[in-house]
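S.K.: Let me give you the structure first, and then I'll get to my questions.
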Amino acid sequence: VPPPDDPATAQQVAALRHRLAPARMLEATGRYAEGLTLAMDVRAEARALGYAPLQAEAALVEGGLLSASARAREAEAALAEALRLGITHDLHAVAAEAAARRVFVLGDGLGRFEAARAGETVAAALVERAGDDGSLEALLENNLGTVFDLAGDDAAAQQHFERTVTLLQHLDTSDPLLAIVYHNLANVDLERGDLDAAERHSKQAYELFARLL
């Protein structure tokens, strides 16, 4: 997506993107309030500029931070806006991540399991269209696993979680999501009464968290 035609506006957009970038790291390190303030400020300024691609990026980051802060209704609204703008302006990765995160918020945050599962087809199509390295697909698979787990479908949850593990193991970089997925698998094992598998997956989660953190 090209930058704004006006050089002054383009410079403002670049400066705002530079300000937005740390918000993701603040989410990853658990500093949600600080990251949320930053993302909301950038989103408001992007809206005032009228540059939709930056509005979409800021709404995506804001939605993730709201979700992490257990503010599910606000998170769903922000992610829906990021999804809408992402599709409208051909921001494939933004739209795909927003759709994947929205599945989680609908299911885990709002308990709307049918709505979350209904979003799978569109989210999967957007992830495929984004054509990333597999990290977006892994995010979607984990979030679907969480939804099915909460809805009581252990078999489907396990399938999605195992698919997530396979995808993440093919990536070169260490992703904390892998430790989360092992933890999620352990919970499914416990629900099924398979204590040996639960112990194995819990140990994998523990060791990976210890190494990463």
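The values are calculated or read from the model by the stated rules, or taken from the named source; none is laboratory data. If you're wondering where the values come from, they're calculated on a predicted model, not measured in any experiment. Cβ: placed from backbone, ideal geometry, glycine included. Neighbour counts: every protein chain shown. Protein only, heavy atoms only, side chains kept; ligands, DNA and RNA dropped before computing areas. Shrake-Rupley method; radii C 1.70, N 1.55, O 1.52, S 1.80 Å.
S.K.: Taking region 159-171 as the search range and keeping residues that are assigned to a helix (DSSP H, G or I) and open to solvent by 100 Å² or more (accessible area, probe 1.4 Å), which one is nearest to THR29 (Cα to Cα)?
M.R.: GLN169
S.K.: Let me ask something else about it. Search region 19-34 for residues that are over 16 Å from ASP175 (Cβ atoms) and in contact (Cβ under 8 Å) with a residue 12 or more places away in the chain and pair each with any residue that is of a type outside the set (Gly, Ala, Ser) and surrounded by 12 or more Cβ atoms within 10 Å (Cβ to Cβ) when their beta-carbon atoms are under 6 Å apart and the residues are at least 6 apart or on different chains.
M.R.: Hits for this filter: ARG19/VAL42; LEU20/VAL42; ALA23/LEU38; ALA23/VAL61; LEU26/GLU34; TYR32/LEU65.
S.K.: Which of the residues that make up region 177-200 are exposed (fewer than 15 other Cβ atoms within 10 Å of the Cβ) and within 20 Å of ASN143 (Cβ to Cβ)?
M.R.: Selection gives GLU191 alone.
S.K.: Still on this structure, please answer the following. Those residues that are among the aromatic types (Phe, Trp, Tyr) and more than 24 Å from ALA179 (Cβ to Cβ), I need them from region 28-80; list them, please.
M.R.: Once the filter is applied, which keeps residues that are among the aromatic types (Phe, Trp, Tyr) and more than 24 Å from ALA179 (Cβ to Cβ), region 28-80 yields only TYR51.
S.K.: Would you check if there is a residue in region 118-125 being assigned to a helix (DSSP H, G or I) and buried (at least 22 other Cβ atoms within 10 Å of the Cβ)?
M.R.: yes
S.K.: Within region 111-127, work out how many residues are charged (D, E, K, R) and touching an Asp or Glu at 6+ places or on another chain (Cβ under 8 Å).
M.R.: 0
S.K.: Out of (1) touching a Leu at 6+ places or on another chain (Cβ under 9 Å); (2) part of a helix (DSSP H, G or I); (3) of a type outside the set (Asp, Glu); (4) open to solvent by 40 Å² or more (accessible area, probe 1.4 Å), what's the single condition that is false for SER174?
M.R.: It is condition (2) that SER174 fails.
S.K.: Being in contact with an Asp or Glu (Cβ under 7 Å, 6 or more places away or on another chain) and touching a residue at least 40 places away in the same chain (Cβ under 8 Å) is true for just one of LEU171, LEU150. Which residue is that?
M.R.: LEU150
S.K.: Among the residues in region 144-154, are any open to solvent by less than 70 Å² (accessible area, probe 1.4 Å), over 30 Å from PRO3 (Cα atoms) and of a type in the set (Val, Ile, Thr)?
M.R.: Checking region 144-154: at least one residue is open to solvent by less than 70 Å² (accessible area, probe 1.4 Å), over 30 Å from PRO3 (Cα atoms) and of a type in the set (Val, Ile, Thr).
S.K.: Also, quick follow-up: Those residues that are of a type in the set (Gly, Ala, Ser) and part of a helix (DSSP H, G or I), I need them from region 126-156; list them, please.
M.R.: ALA130, SER135, ALA138, GLY145, ALA155, ALA156
S.K.: Limited to region 64-96, what total is found for residues that are closer than 28 Å to ASP6 by Cβ and either polar (S, T, N, Q) or part of a helix (DSSP H, G or I) (or both)?
M.R.: Residues flagged as closer than 28 Å to ASP6 by Cβ and either polar (S, T, N, Q) or part of a helix (DSSP H, G or I) (or both) within region 64-96 amount to 13.
S.K.: Checking the condition in contact with a Lys or Arg (Cβ under 8 Å, 6 or more places away or on another chain), open to solvent by less than 10 Å² (accessible area, probe 1.4 Å) and either within 27 Å of HIS170 (Cβ to Cβ) or in contact (Cβ under 8 Å) with a residue 12 or more places away in the chain (or both), which residue from VAL42, VAL105 passes?
M.R.: From the options VAL42, VAL105, the qualifying one is VAL42.
S.K.: Take THR9 and decide whether it is open to solvent by 80 Å² or more (accessible area, probe 1.4 Å) and polar (S, T, N, Q).
M.R.: Here the answer is no, as THR9 does not meet what is asked.
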